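First the structure, in the form of structure tokens, and then the observations on it.
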Amino acid sequence: MNVHVRLFAQAREAAGAGQIDVLGLSPEADVNELVDRLGGQCGERLHEALRAPGVRAAVNQEIVDCGYRLTDGDEVAFLPRVTGG
């Protein structure tokens, strides 16, 4: 299974890119497995950024929890905590 990932803020900086295509996920993959794959592919700094408090995942523009099962072709965006001042 293949998914398209969009990254913002610290995750984007850690990956060195705003978009990554992840290929060959298992058919049962969920958001947790995707995060682990991205960490293995791009490094621990990205893994930590995606696991940071307040980071949310959106699949096809809907906020989901980490156990959400992905399907082939999904777009997954990792959204940072919003801060204001």
*asked:* Which residue is farthest from N2 (Cα to Cα), if the candidates are limited to the stretch 28-53 and must be in contact with a strand residue (DSSP E or B) (Cβ under 9 Å, 6 or more places away or on another chain) and either modelled with pLDDT under 95 or not in a helix (DSSP H, G or I) (or both)?
replied: C42
*Regarding V82, is this residue loosely packed, with under 13 Cβ neighbours inside 10 Å and either outside any helix (DSSP H, G or I) or free of Cβ contacts under 8 Å to residues at least 60 places away in the same chain (or both)?*
yes
*Options V59, V55: the member that is crowded, with 17+ Cβ neighbours inside 10 Å, more than 16 Å from R12 (Cβ to Cβ) and of a type outside the set (S, T, Y)*: V59
*Considering each of N60, N2 in turn, give the residue that is of a type in the set (S, T, N, Q) and on the phi > 0 side of the Ramachandran plot.*
N60
_Residue pairs, Cβ under 6 Å, 6 or more apart or interchain, first in the stretch 1-17 and buried (at least 20 other Cβ atoms within 10 Å of the Cβ), second not aliphatic (A, V, I, L, M). List them._
V3/D74; L7/G18; L7/F78; A11/F78; A14/R45; A15/C42
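The values are calculated or read from the model by the stated rules, or taken from the named source; none is laboratory data. A quick note: this is a predicted structure, and the numbers were derived from the prediction, not measured. No Cβ is skipped: glycine too gets one built from the backbone with ideal geometry, and neighbour counts run over all protein chains shown.
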